[in-house]
Amino acid sequence: MDLFNQTNLFSTEEVRKTTFDLPGADITLFENFFSIVESNKLYESLLRNTPWQQEQISIHGKLVDYPRLTAWYGDVDKDTKYTNTKSKMHLWNNDLLFIKERIEKEVDIKFTRCLLNYYRDGKDSVDWHQDYKGEQRKNTVIASVTFGATRPFQLKHVSRTDLKRVDIPLANGSLLLMQGATQENWKHKVPKTAKQISPRINLTFRWIG
Ligand SMILES: O=C(O)CCC(=O)C(=O)O
Ligand SMILES: [Fe+2]
């Protein structure tokens, strides 16, 4: 075997699938789901073309900025209610349709909306939460795609303190699928870091009927 083939065989560009064996969760990670060339191109394009919004949350009557910028996209051009602020929902663009269709080949679902999060630096984050409420939380598919800097995605069980926390580094071009009862039983967060890191864009494709 020549050297070229060998490097190809162990190339870091191969899609690598990892399934996490966690009670009450169905989580699969695909590293290099998008190639480095695709990922870098999509990162630049999304960063430039997304109408990033600074959402705020009311805490004890005081408006506080979320530690990240966001944008909603979906099948319909309307307002959506995300926590307690109203957000504009934009119609899918070509970048998002390309990403969405690639994921839909992997998982048998047609996504209806997507939340984009832009973490400008290590001070940007998302605190412990579960996606959705009530019935919607019970059996849903969330497809999370990352472009740019790697950040740890942490998970902890909602009630079982005997279970260890899980830390999944989400790198450029990765896809994380969270299915079944994951949202019901596990919380997730992306912590702040004091390290000097470059920006990260995360997209969560969702299904809401
Ligand atoms: O940035 C991430 O990896 C997660 C984002 C997230 O949990 C959310 O938007 O609900
Ligand atoms: Fe989330």
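The values are calculated or read from the model by the stated rules, or taken from the named source; none is laboratory data. Keep in mind the model is a prediction, meaning the values are calculated, not measured. Every residue, glycine as well, gets a Cβ built from its backbone with ideal geometry; the counts of neighbours run over all protein chains shown. Accessible surface is based on the protein model in full, side chains and every heavy atom, while ligands, DNA and RNA are left aside. Shrake-Rupley method; radii C 1.70, N 1.55, O 1.52, S 1.80 Å.
List every residue whose amide H lies under 5 Å from the amide H of residue 181, counting only residues 5 or more places away in sequence or on a different chain, with H placed 1.01 Å from N in the peptide plane.
It is 26, by chain and number.
With only alpha-carbon atoms counted, please give the Rg and Dmax of the stretch 88-169, in Å.
15.1, 45
Which of 71, 51, 191 sits farthest toward the positive end of the charge dipole of the stretch 15-206, with +1 on the Cβ of Lys and Arg and -1 on the Cβ of Asp and Glu?
Value: 191.
For residue 90, list long-range residues whose amide hydrogen, built 1.01 Å from N in the peptide plane, is under 5 Å from its own amide hydrogen.
The answer is 72, 73, 74.
Kindly report the accessible area of the stretch 76-209 per residue (heavy atoms of protein chains, probe 1.4 Å, no ligands, DNA or RNA), in Å².
Numbers: 6680 Å² over 134 residues.
Spelled out: the 1.4 Å probe surface of the stretch 76-209, per residue, equals 50 Å².
Amide H to amide H, which residues 5 or more places from residue 173 or on other chains are under 5 Å from it, using H placed in the peptide plane?
146, 147, 148
Once phi is turned into θ = phi - 60°, what whole-Hz ³J(HN,Hα) does the Karplus curve with 6.51, -1.76 and 1.60 give for every residue of the stretch 156-167, x standing for Gly and Pro?
Coupling constants for the stretch 156-167: 9, 5, 5, 10, 7, 7, 6, 8, 5, 6, 10, 10 Hz.
Which percent of the accessible heavy-atom area of the stretch 15-206 goes to carbon and sulfur, probe 1.4 angstrom?
Working: 4980 of 9850 Å².
Here it works out to 51 percent.
Quote the Stokes-Einstein diffusion coefficient, in whole µm² s⁻¹, for the chain, based on the Kirkwood radius over alpha carbon pairs, a temperature of 25 °C and a viscosity of 0.890 mPa s. Walk me through the numbers on the way to the answer.
On the way: Rh = 18.1 Å.
This corresponds to a translational diffusion coefficient of 136 µm²/s.
Quick one: 3J(HN,Hα) in Hz for the stretch 107-122, Karplus 6.51/-1.76/1.60 with θ = phi - 60°, rounded, Gly and Pro as x.
Each residue's phi maps through the Karplus curve to give 10, 7, 8, 9, 6, 10, 7, 9, 9, 9, 10, 10, 9, 5, 7, x Hz.
Just 128, 186, 72 to compare: in a GNM of the chain, with alpha carbon springs under 10 Å, which one fluctuates most?
It is 128.
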